[in-house]
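Trainee: Okay, here's the structure, questions in a sec.
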Amino acid sequence: MLEIKNLHAEIDGKKILNGLTLTVADGEVAAIMGPNGSGKSTLSYVISGRAGYEVTEGEVLLDGVDLLQLDASERAAKGVFLAFQYPLEIPGVTTMTFLKASLNAQRKARGEAALSTPEFMKRVRAGADKLGVAQDMLRRALNVGFSGGEKKRMEILQMALLEPKFAILDETDSGLDIDALRIVSEGVNALRSPHRGFLVITHYQRLLDYIVPDRVHVMSAGRIVKTGGKDLALELEKTGYAGYIGEAA
């Protein structure tokens, strides 16, 4: 379970999160929606441990462990995974090298043996086939020259291999056409588990047609201002965020 209690955070002296409180239970898919500038991506960065964000108050607990006391690599070892809105390109590092190093680093942190090359290749190829990741992509530098949809599929492949405890999807639908959105969503849905939580950050209802949330939270001015079921996303699609912006002030 992820528990966020009265979280305040800033960057470069600008306050972004203002007493945010949120709980995501094991097995739950929670969606975060809200206007631009409401702090959605900042929330994902603070949970995952991105440098530059200062937490001035509050707690972020994963199964009772205080994530704020851990660096980003330690949080990843505890099972936190972040799929970026704009995945990074890493020239000079092949995708297969990156995947193998990431997976075996996680296994080592969990006290598990490194995978042999044949077993690793078997897992990667099976996951790639399900997500429509071409084999030639696996031999190229990570995300270099990939389309937006290819980058997102690659991140879902990483998530499938790492099997995180808690996954954050930061506007995964950004830049995806309908076919890519469907494939990526199927990859996410295949990972839904009673032992894994998801935080899905999005502007649009369309993603939630494919990844159906258990709870929808509206974020404005750095805090949660409304919580409801999946129908709340449909309401937002019709009415927009204007009413909630006023509520957050």
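Trainee: In segment 5-42, which residues are surrounded by 23 or more Cβ atoms within 10 Å (Cβ to Cβ), touching a Lys or Arg at 6+ places or on another chain (Cβ under 6 Å) and at pLDDT 95 or above?
Mentor: Answer for segment 5-42, where residues must be surrounded by 23 or more Cβ atoms within 10 Å (Cβ to Cβ), touching a Lys or Arg at 6+ places or on another chain (Cβ under 6 Å) and at pLDDT 95 or above: Leu20, Ile32.
Trainee: Among (1) crowded, with 19+ Cβ neighbours inside 10 Å; (2) within 12 Å of Ala31 (Cβ to Cβ); (3) not polar (S, T, N, Q), which single condition is Tyr244 missing?
Mentor: Condition (2) is where Tyr244 drops out.
Trainee: Please count how many residues of segment 63-86 are among the hydrophobic types (A, V, I, L, M, F, W, C) and either in contact with a helix residue (DSSP H, G or I) (Cβ under 6 Å, 6 or more places away or on another chain) or in a loop (DSSP other than H, G, I, E, B) (or both).
Mentor: 8
Trainee: What are the pairs, 6+ residues apart or on separate chains, where a residue within segment 116-132 that is on the phi > 0 side of the Ramachandran plot and of a type outside the set (Asp, Glu) has its Cβ under 6 Å from a residue that is surrounded by 13 or more Cβ atoms within 10 Å (Cβ to Cβ) and part of a helix (DSSP H, G or I)?
Mentor: Pairs that qualify, where the first residue is on the phi > 0 side of the Ramachandran plot and of a type outside the set (Asp, Glu) and the partner is surrounded by 13 or more Cβ atoms within 10 Å (Cβ to Cβ) and part of a helix (DSSP H, G or I), are Gly132/Ile183.
Trainee: Moving on. Among the numbered conditions (1) surrounded by fewer than 16 Cβ atoms within 10 Å (Cβ to Cβ); (2) of a type outside the set (Asp, Glu); (3) touching a Ser or Thr at 6+ places or on another chain (Cβ under 7 Å), tell me where Ala221 comes up short.
Mentor: Ala221 satisfies every listed condition except (1).
A quick yes/no check of all residues on (1) part of a strand (DSSP E or B); (2) small (Gly, Ala, Ser); (3) within 15 Å of the chain's Cα centre (by Cα):
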site: Glu150; (1), (2), (3): no, no, no
site: Glu155; (1), (2), (3): no, no, yes
site: Ile168; (1), (2), (3): yes, no, yes
site: Val184; (1), (2), (3): no, no, yes
site: Asn189; (1), (2), (3): no, no, yes
site: Leu208; (1), (2), (3): no, no, yes
site: Pro213; (1), (2), (3): no, no, yes
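Trainee: On to the next question. Answer yes or no: is there a residue in segment 75-91 that is more than 21 Å from the chain's Cα centre (by Cα) and either on the phi < 0 side of the Ramachandran plot or touching a residue at least 24 places away in the same chain (Cβ under 8 Å) (or both).
Mentor: Yes, the conditions are met somewhere in segment 75-91.
Trainee: Okay, next question. Looking at Leu232, Leu199, Leu176 in this structure, which one is at pLDDT 90 or above, aliphatic (A, V, I, L, M) and outside any strand (DSSP E or B)? Please lay out each step first, then the result.
Mentor: Numbers: Leu199 fails: outside any strand (DSSP E or B); Leu176 fails: at pLDDT 90 or above.
On inspection, the qualifying residue turns out to be Leu232.
Trainee: Quick check on this structure: which one of Val133, Val144 is modelled with pLDDT under 90, more than 28 Å from Ile4 (Cβ to Cβ), part of a loop (DSSP other than H, G, I, E, B) and hydrophobic (A, V, I, L, M, F, W, C)?
Mentor: Val133
Trainee: Quickly run through segment 101-122 and pick out the residues that are surrounded by 15 or more Cβ atoms within 10 Å (Cβ to Cβ) and within 19 Å of Met137 (Cα to Cα).
Mentor: Result: Leu103, Phe120.
Trainee: Suppose we filter Val46, Val60 for residues that are touching a strand residue (DSSP E or B) at 6+ places or on another chain (Cβ under 9 Å), part of a strand (DSSP E or B) and at pLDDT 95 or above; which single one remains?
Mentor: On the way: Val46 fails: part of a strand (DSSP E or B).
That would be Val60, the only listed residue that is touching a strand residue (DSSP E or B) at 6+ places or on another chain (Cβ under 9 Å), part of a strand (DSSP E or B) and at pLDDT 95 or above.
The values are calculated or read from the model by the stated rules, or taken from the named source; none is laboratory data. Predicted model only: the values in this text are computed from it and were never measured. Positions of Cβ are generated from backbone atoms using ideal geometry, with glycine treated the same way; all protein chains shown enter the neighbour counts.
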